[in-house]
Amino acid sequence: MTVDAPVFSSTEPATGEVVGTFALMGPEEVAAAVDQARIASRWWADLGFAGRKQRLLAWKSLLARRADQLAWLVHRENGKPVDDALLEVALSIELLDWAAKNAPKVLGERGVRPSLLTINQAASLSYEPLGVIGVIGPWNYPVFTPMGSIAYALAAGNSVVLKPSEFTPAVGQWLVDSFRTVVPEQPVLTLVTGMGETGAALCTSGVDKISFTGSSATGRKVMAAASATLTPVLLELGGKDAFIVDADADIDKAVEAALFGAMGNAGQTCIGVERVYAHEAIFDEFLSKLSARANELKPGGASTSSYGPMTMPTQAAVVRDHVRDAIAKGATLAVGDLDSITESVIGPIVLANVAENSRAITDETFGPTITVNSIRSLDEGVDKANATNFGLAATLFGKNTKRLTEAAKRLRVGMVSINSWGSNAGVPGLPWGGVGDSGFGRIHGDDGLREFARSKGVVRERFASPLVLTSFSRKPETSALVSKALVAIHGRRKWVR
Ligand code: NDP
């Protein structure tokens with residue numbers, strides 16, 4: 001008797017139609033994929049920066065030419081409108097382009113100036129690939145979020161084993177297949193599919209680093225599992241992002257940005273706007289304009305809807321719980337109500353004057369809802385923004401650039417956008433990541449490349465030093481000379497306070 005290998009299917013959130021059927025992989029299949037990836041990692045590392053850059057740019061070019069096809073697949077499997085999916089693909093291509101072009105400069109070997117005491121040494125710094133990177137991704141941005149790790153890990157010389165969410169495996173498969181078209185020689189980017197258990201198996205499979213994007217709850221499990229093998233982890237987790245509107249802000253512009261940031265992708269965005277703090281001088285105008293625009297949105301399953309159905313039906317219960325709790329604690333409903341929430345499509349919900357201890361303020365809602373509270377000053381907005389355990393991104397709107405830039409420094413987050421929402425996502429040279437319950441480590445930018453490399457310092461003696469310090473034959477005069485040199489170099493009066 002033959003037993004069919006276990007499989008699972010992903011479905012369209014809008015229609016329930018099957019998008020694809022995939023293997024439910026267990027620890028053995030994951031281990032086999034990692035073994036293959038380890039062999040591939042040596043071949044890939046040996047290509048050097050130039051060889052990898054050429055292949056990564058060929059992949060980029062393929063993605064650009066097939067962007068419409070990929071966007072359509074994202075629309076089908078995740079449920080977001082096609083234009084939103086295309087934007088996600090475009091941002092991902094920019095990440096890949098940046099990583100491929102900048103890896104040689106950021107990670108290439110370079111000389112480092114020695115100190116005066118080691119003037120006889122030539123010092124150099126290089127960044128070596130880690131080996132195999134396990135990338136575990138969510139379903140909400142099934143191209144952009146894994147690409148933030150994949151592109152930088154590959155550019156740094158590693159191979160990658162990707163575990164996409166069980167809700168978006170077809171997108172993961174598409175990415176891996178397209179990569180194989182331009183790099184057919186070795187399985188440098190491979191796929192493992194399945195549920196959470198498959199991700200858990202990847203964490204303990206002996207990969208050299210796990211780059212995880214997902215919820216804070218799962219992030220904790222990933223870190224605990226990885227500790228068994230001392231596998232380093234990079235955690236890109238959830239958020240509760242604040243959007244602060246100062247008294248002199250361009251209100252219409254702020255309303256458009258807050259609305260898209262909150263409701264776009266049905267609010268299923270890690271840097272989604274969940275809390276607005278609007279200055280009391282413009283609070284009423286802001287709330288009424290935001291409500292009017294929210295009422296115009298047309299969510300649904302069409303490719304051109306304002307936003308799509310919930311990708312994960314169980315999220316509706318979380319949204320309902322947060323809205324109910326906010327109302328019970330005194331919030332008013334400016335748009336929508338509990339009837340707006342169905343298992344599939346959730347209509348826009350705007351909550352005003354929400355108690356700061358409501359779950360809609362303290363926990364990630366991850367739905368098309370937004371809270372709007374009044375503040376007396378920008379400083380109060382910053383304090384309230386900082387009052388949750390999350391710290392992913394924040395947005396500031398106003399005219400006084402100096403004041404906003406100073407406020408940006410006081411925000412306990414990894415990313416800030418001033419007078420636009422989410423723009424960090426479009427600057428591939430800037431690091432991406434959060435603090436606190438939003439995780440640690442950085443993807444994107446120079447820091448994102450270094451996350452996937454191991455630094456190595458090498459010193460080479462250029463000439464014998466007249467001051468031999470590391471020898472049992474060290475002479476007393478040498479130490480006396482060192483003492484004098486220390487005072488001359490570091491002990492000058494100008495440093496005394
Ligand atoms: P989850 O934490 O539920 O899942 C993320 C990934 O982890 C999925 O592939 C999941 O597989 C897998 N997984 C589940 N259990 C385990 C486990 N025990 N060990 C290893 N892997 C596991 O998150 P969601 O997919 O629901 O994504 C939404 C969350 O992601 C939100 O909190 C959002 O804020 C956050 N996010 C953060 C981003 C950032 O950049 N900081 C960007 C995008 C999203 P499966 O789906 O098969 O269960």
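We did not get these values from a lab; they are worked out from the coordinates using the rules stated. Computed from a predicted structure; not experimentally measured. Cβ placement follows ideal geometry from the backbone for every residue including glycine, while neighbour counts extend to all protein chains displayed.
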- Message: So if I place +1 on the C-beta of Lys and Arg and -1 on the C-beta of Asp and Glu, and nothing else carries charge, what would the dipole magnitude of the chain be about its Cα centre? I want it in debye, nearest 20.
- Response: 3020 debye
- segment 248-256 - phi-based ³J(HN,Hα) in whole Hz, Karplus 6.51/-1.76/1.60, Gly and Pro as x: 9, 5, 6, 5, 4, 5, 5, 4, 4
- Task: Could you please report the charge total around R376, scoring K, R as +1 and D, E as -1 over all other residues with beta-carbon less than 12 angstrom from its beta-carbon?
- Result: -4
- Task: Mind checking which of G445, A201, G426 is farthest towards the positive end of the chain's charge dipole, using Cβ charges of +1 (Lys, Arg) and -1 (Asp, Glu) about the Cα centre?
- Result: G445
- Between 0 and 90°, nearest 10: helix 48-65 axis offset from the chain longest Cα axis: 10 degrees
- Message: Run the numbers for D383 and A5: contour at 0.36 nm per residue of separation, minus the present Cα-Cα distance, in nm.
- Response: 130.7 nm
- Rounded to the nearest Å, the spacing of the alpha-carbon centers of segment 144-158 and segment 40-94 is 11 Å
- Measuring from its Cα centre, segment 279-366 shows a charge dipole (+1 at each Lys and Arg Cβ, -1 at each Asp and Glu Cβ) which, in debye to the nearest 20, is 200 debye
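If I stretch the segment between F463 and D46 completely, what's the gain in nm (0.36 nm per residue apart, minus their alpha carbon distance), one decimal?
Values: separation 417, 0.36 × 417 = 150.12 nm, distance 3.24 nm.
Residue separation times 0.36 nm, minus the Cα-Cα distance, leaves 146.9 nm.
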- What list of ³J(HN,Hα) values in whole Hz, one per residue of segment 125-140 in order, does the Karplus curve 6.51 cos²θ - 1.76 cosθ + 1.60 (θ = phi - 60°) give from phi, with Gly and Pro shown as x? 10, 9, 10, 9, x, 7, x, 10, 10, x, 10, 10, x, x, 9, 6
- Taking amide H positions as placed 1.01 Å from N in the peptide plane, with prolines and chain starts having none, which residues 5 or more places from S420, or on another chain, fall under 5 Å of its amide H? L396
- Shape call for segment 309-453, from the Cα gyration tensor axes a ≥ b ≥ c (a/c under 1.5 means rounded, otherwise prolate when a/b beats b/c, else oblate), comes out oblate
- Longest segment of the chain with no chymotrypsin sites (Phe, Trp or Tyr not before Pro) in a DSSP loop having at most 11 other Cβ atoms within 10 Å? 1-462
- Net charge dipole size for segment 202-302 [Lys, Arg +1 and Asp, Glu -1 on Cβ; Debye, nearest 20]: 700 debye
- Message: Which residue, L56, G137, A254, has the largest displacement toward the positive end of the dipole of the chain when charges sit on each Cβ (Lys, Arg +1; Asp, Glu -1)?
- Response: L56
- Message: Rounded to the nearest 5, what % of DSSP beta bridges with both residues in segment 99-239 are antiparallel?
- Response: 15 percent
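How high is the FRET efficiency from I418 to T304, r the C-beta distance, R0 30 Å, rounded to 0.05? Provide the component values of the computation, followed by the final result.
Values: r = 31 Å, r/R0 = 1.03.
Efficiency computed from Cβ-Cβ geometry: 0.45.
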- Query: Put +1 on the Cβ of each Lys and Arg and -1 on the Cβ of each Asp and Glu in segment 267-361; which of L297, M312, I346 then has its Cα farthest toward the positive end of the dipole?
  - Reply: M312
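Under the classification rounded if a/c is under 1.5, otherwise prolate if a/b is larger than b/c and oblate if not, where does segment 59-214 fall, given a ≥ b ≥ c as square roots of the Cα gyration tensor eigenvalues?
Note, shape of segment 59-214 comes out prolate.
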- Where a Cα-Cα gap under 20 Å defines reach, which aspartates and glutamates qualify for K456, not counting those fewer than 8 residues away within the same chain? D46, E109, E128, D208, D446, D447
- Query: Using the alpha-carbon atoms, what tilt in degrees (0 to 90, nearest 10) does helix 401-410 show relative to the longest principal axis of the chain?
  - Reply: 70 degrees
- Note on the structure: Between D337 and E17, the FRET efficiency computed from the C-beta separation at R0 = 22 Å comes out, to the nearest 0.05, as 0.10
- Note on the structure: In the neighbourhood of P169 defined by beta carbon distances under 10 Å, the net charge of the other residues (Lys, Arg +1; Asp, Glu -1) is -1
- Per DSSP, loop GluC sites (Glu not before Pro) in segment 340-433 with at most 15 further Cβ within 10 Å: E343, E356
- Item | Separation in nanometres of the label points that stand 7 Å from Cα toward Cβ, at S178 and D252 | 3.7 nm
- Message: Could you tell me the calculated FRET efficiency between S483 and V112, based on Cβ-Cβ distance and R0 = 30 angstrom, to the nearest 0.05?
- Response: 0.70
- Amide proton proximity set for G439, modelled H, under 5 Å, gap of 5+: L237
- Query: For labels at K409 and A123 in the simple 7 Å Cα→Cβ model, what's the distance in nm?
  - Reply: 2.9 nm
- Note on the structure: The equivalent-ellipsoid semi-axes of the chain, taken as the square roots of five times the Cα gyration tensor eigenvalues and listed largest first in whole Å, are 43, 33, 19
- Query: What is the helix-to-structure angle for 67-78, meaning the angle in degrees between its Cα long axis and the longest Cα principal axis of the chain, kept from 0 to 90 and rounded to the nearest 10?
  - Reply: 60 degrees
- Message: Can you give me the C-alpha center-to-center distance between segment 457-483 and segment 314-332, rounded to a whole angstrom?
- Response: 69 Å
